[in-house]
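First the structure, in the form of structure tokens, and then the observations on it.
The values are calculated or read from the model by the stated rules, or taken from the named source; none is laboratory data. In this text, all values refer to a predicted model and were calculated from it rather than measured experimentally. Because the Cβ atoms are built from the backbone with ideal geometry, glycine has one as well, and the counts that use them run over all protein chains shown. Ligands, DNA and RNA are stripped out before the accessible areas are found, and what is left, the full protein with its side chains, is counted by its heavy atoms. Shrake-Rupley method; radii C 1.70, N 1.55, O 1.52, S 1.80 Å.
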Amino acid sequence: MTTPGPSTKSVHLTEEVDPTTRSVVPPIVANSAFAYPDVASWRAVALGEAEGHIYARNSNPTTDHFEAKVAALEEAEAGTSFGTGMAAIFTTLQALLRPGDRVVTVKDTYGGTYLLFTEILPAWGVECDVLDTDDHEAIEEQVRAGCDLLYLESPTNPTCKVLDLQRLAGAAAEVGAVTVVDNTFATPINTRPVTLGADVVLHSASKFLGGHGDVLGGVAVGSKALVERIYGLREIIGTGMDPQVAALMLRSLKTLGLRVERQNETALAVAQHLATHPKVTAVNYPGLPTHPHHDVATRQMDGFGGMLSFAVEGGFPAVETVLGNLRYAYLAANLGQVETIAGPPATTSHVELTDDERAIAGIPEGLVRYSVGIEDAADLLADLDQALAAV
Ligand SMILES: *Cc1c(COP(=O)(O)O)cnc(C)c1O
């Protein structure tokens with residue numbers, strides 16, 4: 001037998017036929033509590049001596065399925081799921097950090113995450129060093145200066161920088177620091193950070209994993225020991241995923257490979273097309289040989305992802321004109337869904353930040369962030385051409 005590929009895992013893994021109904025699709029278990037025939041068997045489950053579930057804030061068979069599937073796709077031992085991506089990120093950080101600990105991270109993290117490191121965690125006595133995203137030497141130096149947790153994101157939002165995960169996770173391992181990677185943009189179809197040395201991998205499942213823009217969710221995967229620590233906090237504070245959402249996520253995961261491969265292909269075609277357009281002054285896409293991190297991206301990624309950004313001659317007013325004229329792109333804050341979505345960073349990835357904070361974080365304003373959907377590539381190219389012609 002071959003080792004199953006990602007799409008085989010997406011479709012088959014953990015999908016045991018339900019013995020009572022023989023349903024091919026696992027039934028959605030939507031309840032609060034699980035009943036037992038006697039106190040002894042209930043107690044055995046409660047003490048962890050027997051398999052089973054007690055109360056849905058702790059665990060549920062439908063969310064278990066989702067967690068096992070994402071863990072398999074990420075080549076991780078275990079996973080635990082959340083109501084949103086931010087719930088996954090904050091619960092993970094809260095579970096792994098203590099006052100006095102030191103975090104090393106980069107400027108180009110998701111806007112909400114950036115605020116955790118610049119405002120929320122420092123208020124709880126966690127020192128956070130937020131460094132220039134491109135500067136691998138400076139990141140390594142600060143990790144060696146003393147670090148408990150290294151937090152990375154790749155490719156980044158909205159400029160699509162790619163970090164060398166193997167190199168940086170290696171530096172963190174040398175000083176005994178835990179490496180946490182937000183893999184939302186790459187998806188496990190394109191990059192599996194655990195195989196590059198990451199300890200915990202996070203997702204906003206609201207994006208590519210869910211893929212249809214109709215649910216919010218998050219997930220953390222990694223070693224059994226680390227996931228147990230994260231789960232230990234999650235089950236107490238109640239940041240877990242709802243089983244109805246998990247069922248929608250499971251349905252979405254079945255087409256993750258199909259969607260992301262299509263999005264990779266179309267995003268590359270769009271990036272190549274825009275790179276030759278006279279009104280486009282810059283295109284950020286790791287699949288272009290001109291991208292500063294193209295070599296790392298080629299080594300680390302099986303595909304370059306469905307996200308890109310570009311700058312238009314004429315600055316922000318031109319960006320507004322292009323966005324206003326796009327026909328096959330929703331002007332919205334989400335990304336990674338089957339519909340193409342576009343917007344400026346000020347109203348998408350970094351909407352939580354003030355103008356000043358965006359400037360400090362180095363987030364350019366005159367950009368169009370473009371999340372490629374599964375529409376026909378020719379239609380998207382023609383749409384971009386007519387929108388740019390209006391500038
Ligand atoms: C959207 C996003 C998040 C936050 O996820 P929510 O599900 O919206 O809470 C975190 N990281 C990245 C990279 C994202 O794009």
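The table that follows gives values for the structure above.
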item	result
Unmet requirement for ILE341, which otherwise passes all of (1) modelled with pLDDT under 95; (2) within 16 Å of the ligand (Cβ to nearest atom); (3) among the β-branched types (Val, Ile, Thr)	(1)
So ALA68, is it more than 16 Å from the ligand (Cβ to nearest atom), among the small types (Gly, Ala, Ser), out of contact with any His (no Cβ under 6 Å at 6 or more places or on another chain) and without any contact (Cβ under 8 Å) to a residue 12 or more places away in the chain	no
Which listed residue, of ASP134, ASP148, is in contact (Cβ under 8 Å) with a residue 24 or more places away in the chain, under 24 Å from PRO292 (Cα atoms) and open to solvent by 50 Å² or more (accessible area, probe 1.4 Å)	ASP134
One residue from THR156, THR113 being assigned to a helix (DSSP H, G or I), of a type in the set (S, T, N, Q) and buried (at least 18 other Cβ atoms within 10 Å of the Cβ)	THR113
Residues satisfying the stated conditions in the range 91-110, i.e. in contact with a Ser or Thr (Cβ under 8 Å, 6 or more places away or on another chain) and assigned to a helix (DSSP H, G or I)	THR91
Selection within the range 234-274 - in contact with a Leu (Cβ under 9 Å, 6 or more places away or on another chain), open to solvent by 40 Å² or more (accessible area, probe 1.4 Å) and not polar (S, T, N, Q)	LEU268, HIS273
GLU352 vs. criteria at pLDDT below 90, farther than 20 Å from THR266 by Cβ, within 16 Å of the ligand (Cβ to nearest atom) and among the charged types (D, E, K, R)	yes
Residue count for the range 205-221, restricted to those that are more than 14 Å from GLY240 (Cβ to Cβ) and more than 11 Å from the ligand (Cβ to nearest atom)	5
Residue list for the range 289-337, filter: open to solvent by less than 60 Å² (accessible area, probe 1.4 Å), assigned to a helix (DSSP H, G or I) and over 20 Å from LYS279 (Cα atoms)	HIS294, VAL296, ALA297, GLN300
Residue match in the range 73-80 (condition: assigned to a helix (DSSP H, G or I) and assigned by TED's automatic domain parsing to the domain that holds VAL11)	yes
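Residues checked against (1) under 28 Å from the mean Cα position of the chain (by Cα); (2) open to solvent by 40 Å² or more (accessible area, probe 1.4 Å); (3) assigned by TED's automatic domain parsing to the domain that holds PRO188:
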position: ASP18; (1), (2), (3): no, no, yes
position: PRO27; (1), (2), (3): yes, yes, yes
position: TRP42; (1), (2), (3): no, yes, yes
position: VAL45; (1), (2), (3): no, no, yes
position: ARG57; (1), (2), (3): yes, yes, yes
